[in-house]
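So the structure is just underneath, and the comments pick up after that.
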Amino acid sequence: MAAVELQSLGKTYGSTPSVHDVSLSIADGEFCVFVGPSGCGKSTLLRMVAGLEDITRGELRIGGQRVNELAPSERDVAMVFQSYALYPHLNVGENLGFALRIARTPAAQATARIVEVARLLQIDHLLDRKPRELSGGQRQRVAIGRALVRRPGVFLFDEPLSNLDAALREQTRREIARLHRSQSAASSIYVTHDQVEAMTLADRMVLLRPPEAGTLQSSIAQVGAPMDLYHRPCNLFVASFLGSPRMNFLPCRVATCGTHAVELALADGTLWSLPLAPGALVPGEAVTLGIRAEHLLPVPAQGQSGCLPALAGRVDAVERLGDQTLVFANGPAGELALRVADGFAVSVGSPLHLTAHAAQVHVFAADGTAVARPAPC
């Protein structure tokens, strides 16, 4: 068992920052996913944990021991690479057992571990084959198996599914989740740019943002359970990154502030009254409304009882995806995307009126921070 602690971890290349002020604790047995856009430092951070990148500042502890100066082989970690990194001249069994041979593991014990892991990954019939004789999914299983036979305290995954097609990604993702459950004592850190992988695999998700010139903000934008980040983003960056299509954002201004509600004026003059806390906003302040596509409701022109006043628009595009349809509309209030069930009758150019429940609307201040959110119904 090996908990991982990152204490104010940072990495710079010359004067260029890559990772800044990352503090995080990953518990024994936890599956933690680092996710974010290109350039946010997620792979660099993983390589710092693995010992493949030097740490510029801060402290890294694995199993309670400081490991900043330790070699990768001394850190009780095993890494699965994006490129598989298999030895082409060795067969599957030899690839699986390579680390055990280097560690001088007794032959009988090594063979038992190889067979056990090969059966777990359902590649025991491939032990005599060379990597060139395997499919992409089989090669990825061998790469994962090579990490499993070592029985490390921490598993590190660096975008392991990015080279697979969609069907194999889905299948292998489920296998990785199953393997983690079977290795419940080990911690896992998984890096991906794919939010579906992050949302479905993570016990806890760490959303990283690219460094901004002249600022000292942490590379971590938000940490939490996947659905917490999805439903309660702490800023515009988190809200815009998670979700496809991304959250709708509408510029508006604070019209009035009452004891129990704040009235916001949208670009088309529509007033939306939201039950926000007193003092959260001031009249005249510029803010941004955020609404997820699945929370927008198509309604008659006069609106719908119990909802906010409807916004008018015209359909720009329709994407039918089988069980659901994405509709993109434009109107005086701004551009909007909504997700509806298959069969919704709509065509390009047709008028559309949209509304939402106040409890499902997010509000962001001018600096991007989430300043208030109506309580759930």
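The values are calculated or read from the model by the stated rules, or taken from the named source; none is laboratory data. For clarity, every value in this text was computed on a predicted model and none was experimentally measured. Glycine gets a Cβ as well: all are built from the backbone with ideal geometry, and neighbour counts include every protein chain shown. Ligands, DNA and RNA are excluded from the accessible area calculation, which covers all protein heavy atoms including side chains. Shrake-Rupley method; radii C 1.70, N 1.55, O 1.52, S 1.80 Å.
Brief remarks on what is shown
- Our note on the geometry: Cα centres of the stretch 1-45 and the stretch 254-288, 38 Å apart.
- Percent accessible area from carbon and sulfur atoms, the chain, protein chains only, probe 1.4 Å: 52
- Here nothing in the chain passes the span test, since no DSSP H helix has an alpha carbon length of 27 Å or more along the helix axis and a Kyte-Doolittle mean of -0.5 or above.
- Alpha-carbon centroids, the stretch 141-156 and the stretch 292-340: separation in whole Å: 47
- Chain lengthening between Phe98 and Glu69 when straightened (0.36 nm per residue, less Cα-Cα): 8.0 nm
- Accessible surface for the chain, divided over its residues, is 45 Å² per residue with a 1.4 Å probe.
- Modelled spin-label separation between Phe81 and Arg129, with each label point placed 7 Å from Cα along the Cα-to-Cβ direction: 2.2 nm.
- Over the chain, the reciprocal of the mean inverse Cα-Cα separation, the Kirkwood hydrodynamic radius, stands at 23.4 Å.
- Placing +1 on the Cβ of every Lys and Arg and -1 on the Cβ of every Asp and Glu, with no other charges, gives the stretch 133-184 a dipole of roughly 300 debye about its Cα centre.
- In terms of accessible area, using a 1.4 Å probe and ignoring ligands and nucleic acids, Arg75, Arg57, Arg204 rank largest first as Arg57, Arg204, Arg75.
- For the stretch 15-119, the list of GluC sites (Glu not before Pro) that fall in a loop by DSSP and count at most 16 other C-beta atoms within 10 angstrom reads Glu69.
- Sites Cys257 and Asp54 - FRET efficiency at Förster radius 41 Å, r taken between beta-carbons, to 0.05: 0.20
- For the chain, a crude dipole built from +1 on the beta carbon of Lys and Arg and -1 on the beta carbon of Asp and Glu, taken about the Cα centre, is about 920 debye to the nearest 20.
- Residue (of Ser135, Ile26, Gln82) at the positive-pole extreme of the stretch 1-153, dipole from beta-carbon charges: Ser135
- q = 0.13, 0.14, 0.21 Å⁻¹: log10 I(q)/I(0) that the Debye formula gives for the stretch 1-140, counting C-alpha atoms only: -0.73, -0.82, -1.23
- DSSP-defined beta bridges in the chain - what % are antiparallel, rounded to 5: 75
- Ala277-Val115 pseudo-label distance in nm [points 7 Å out on the Cα-to-Cβ vector]: 6.2
- Note on Asp194 and Leu326: the model spin-label points, each 7 Å out from Cα along the C-beta direction, lie 1.7 nm apart.
- Computed magnitude of the charge dipole of the stretch 70-154 (debye, nearest 20; Cβ of K, R +1, Cβ of D, E -1): 60
- Where a label projected 7 Å from the Cα of Ala317 along Cα→Cβ would reach, residues of the stretch 249-264 with amide N under 19 Å: 249-250
- The mean sequence distance of close C-alpha pairs (under 8 Å, at least 6 residues apart), as a share of the length of the stretch 81-228, puts its relative contact order at 22 percent.
- Selection from Ile62, Pro106, Ser43 lying farthest towards where the dipole of the stretch 3-143 points positive, charges on Cβ: Pro106
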